[in-house]
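Written out below as structure tokens is the structure these notes cover.
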Amino acid sequence: PMRVLTVAATFAIALANPEASPAKLDGSTLLRSCTTAVAQDGKANVQLSSDESFGFGLCLGLLRGIVEMSGAMNLVCTPDGFDYTQMARIVVKRLEDHPETLHSSASALAYTAIQEAFPCGTKSKGAR
């Protein structure tokens, strides 16, 4: 329980104060990274450049961390059967719809997009 509380507090502080992170990732970086991840959906054996590979991993890793942590804190309730490419599509759409936010923290922007798409308290069948 103490470990979960510590991780939750760290996550909350990072969202509240994105400047506290040592290497600030902004929305522009997240948009590029998640666009790469979405473009790779369904493609097998495609050779990615090192930048594309990094972007792919950055996007999906960040989204997984946010979903896992915010789900554990009942801030996000994802439906059964979702996947992280779906999350990447949601984030890309939100960022493209709100270019005025691209200077903001990548983690805060990703959390906002995911939380808006999958809030807890809705009557979504199979949500966790």
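The values are calculated or read from the model by the stated rules, or taken from the named source; none is laboratory data. Keep in mind that this is a model prediction, so the values were computed, not measured. We place every Cβ from the backbone using ideal geometry, glycine too, and count neighbours over all the protein chains shown.
Here Ala113 fulfils each of the conditions (1) farther than 17 Å from Ala37 by Cβ; (2) part of a helix (DSSP H, G or I); (3) without any contact (Cβ under 8 Å) to a residue 60 or more places away in the chain apart from (1). Going through (1) at pLDDT below 95; (2) more than 8 Å from the chain's Cα centre (by Cα); (3) in a helix (DSSP H, G or I) one by one, Val67 falls short only on (2). For the range 70-89, the set of residues classified as surrounded by fewer than 19 Cβ atoms within 10 Å (Cβ to Cβ) and of a type in the set (A, V, I, L, M, F, W, C) consists of Ala72, Met73, Cys77, Phe82, listed by residue number.
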